[in-house]
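J.: Okay, here's the structure, questions in a sec.
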Amino acid sequence: MSKRVDIQKTYKLYIDGKFPRTESGRYIKWTGTDGETVVNICRGSRKDFRNAMVAARKAVGGWSGKTAFNRSQILYRIGEMLEGRRDQFMAELMLQGSTKKQAETELNQSIDRLIYYAGWADKYQQIFSRVNPVSLPYFNFTMPEATGVVAAFAPDDSSLLGLISIVAPVIVGGNTIFHRSACHRRWKYNCGFSIGNKAHFFHILCRSAPYIGCPRWRGEYSYRTST
């Protein structure tokens, strides 16, 4: 009997709660330390970028309109599911070069960070809102509100933890996010937030760094003053 050929999974993009292949048909080969191909990753194009931004904009109303308690529940649920799939995520982190101890530490920190931001969902408005002094007989308030669509660029030195550290503070404020994954350790991003796909607040595009030559930035919310 001939030797069995392993079927290598192709990790797709993540746009509008779906996992489409890139329209360009291109993909990136992920090789292990032994030089063997581990997985294939779809390489996003400009059209994929546009589709992700359109989907993120469309989702703003629904996500920002959810109650703070509901957003908190969703972030907490993502943390629960990471905990439930601990073995899978540890194995995938180790395939990317982490030791078992490093993978366990990164996974624990990722779960803890999700729970941390889940707790902030219904508290940050109380902390950052203000009652402004006025000289006339009316009240004037300043309160944070969702910015809308936020574009974020992943750090190159981390995978799962870097993803969550950027995404969680953005979505907890009611924003939707377009996320350009890092040049290294790309495939973890596609695994990481597939568990949040029903909310449609998150969109991933895998692409090499020269394609988008912008500095990394993130936004969480803007302020509105009302009288």
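J.: Whole-Hz ³J(HN,Hα) for each residue in the range 54-61, computed from phi via Karplus 6.51 cos²θ - 1.76 cosθ + 1.60 with θ = phi - 60°, x for glycine and proline: what do you get?
T.: Each residue's phi maps through the Karplus curve to give 5, 5, 5, 5, 5, 8, 4, x Hz.
J.: Among 105-111, 133-139, 172-178, how do they line up by average Cβ neighbours within 10 Å per residue, starting with the highest?
T.: Descending mean neighbour count gives 172-178, 105-111, 133-139.
J.: Suppose each label sits 7 Å from its Cα in the direction of the beta carbon; what would the Arg130-Lys18 distance come out to in nanometres?
T.: About 4.5 nm, to one decimal.
J.: Separation between the Met94 and Asn70 pseudo-spin-labels, each 7 Å from Cα along Cα→Cβ, expressed in nm?
T.: Distance between the two pseudo-spin positions: 4.1 nm.
J.: Okay, next question. About its Cα centre, what dipole magnitude does the range 1-158 give when the only charges are +1 on Lys and Arg Cβ and -1 on Asp and Glu Cβ, stated in debye to the nearest 20?
T.: Here the size comes out at about 660 debye.
J.: So how much slack lies between Lys47 and Ile7, counting 0.36 nm per residue of separation and subtracting their Cα-Cα distance, in nm? Walk me through the numbers before you get to the answer.
T.: Numbers: separation 40, 0.36 × 40 = 14.40 nm, distance 2.83 nm.
11.6 nm is the gain from fully extending Lys47 to Ile7.
J.: Can you list residues from other chains, or at least 5 along the same chain, whose modelled amide H is less than 5 Å from the amide H of Val38?
T.: Answer set, sorted by chain and number: Trp30, Thr31, Gly32.
J.: While we're looking at this one, here's another question. Long-range amide H contacts for Ser24: which residues qualify at under 5 Å (H placed 1.01 Å from N, peptide plane, sequence gap of 5 or more or a different chain)?
T.: Answer set, sorted by chain and number: Ser45.
J.: OK, next. Hey, can you grab everything whose amide H is under 5 Å from the amide H of Ala151? Only 5+ residues off in sequence or another chain; H modelled, so Pro and N-termini drop out.
T.: The answer is Phe178.
J.: Sorted from fewest to most neighbouring beta carbons within 10 Å, what does the list Arg43, Arg77 look like?
T.: Placing the least packed residue first, the sequence is Arg77, Arg43.
Where a number appears in this text, it was derived from the coordinates with a stated rule and is not lab data. Note that the structure is predicted; figures quoted are calculated from it, not measured. Quick reminder, even Gly has a Cβ in these numbers, built from the backbone with ideal geometry, and neighbours come from all protein chains shown.
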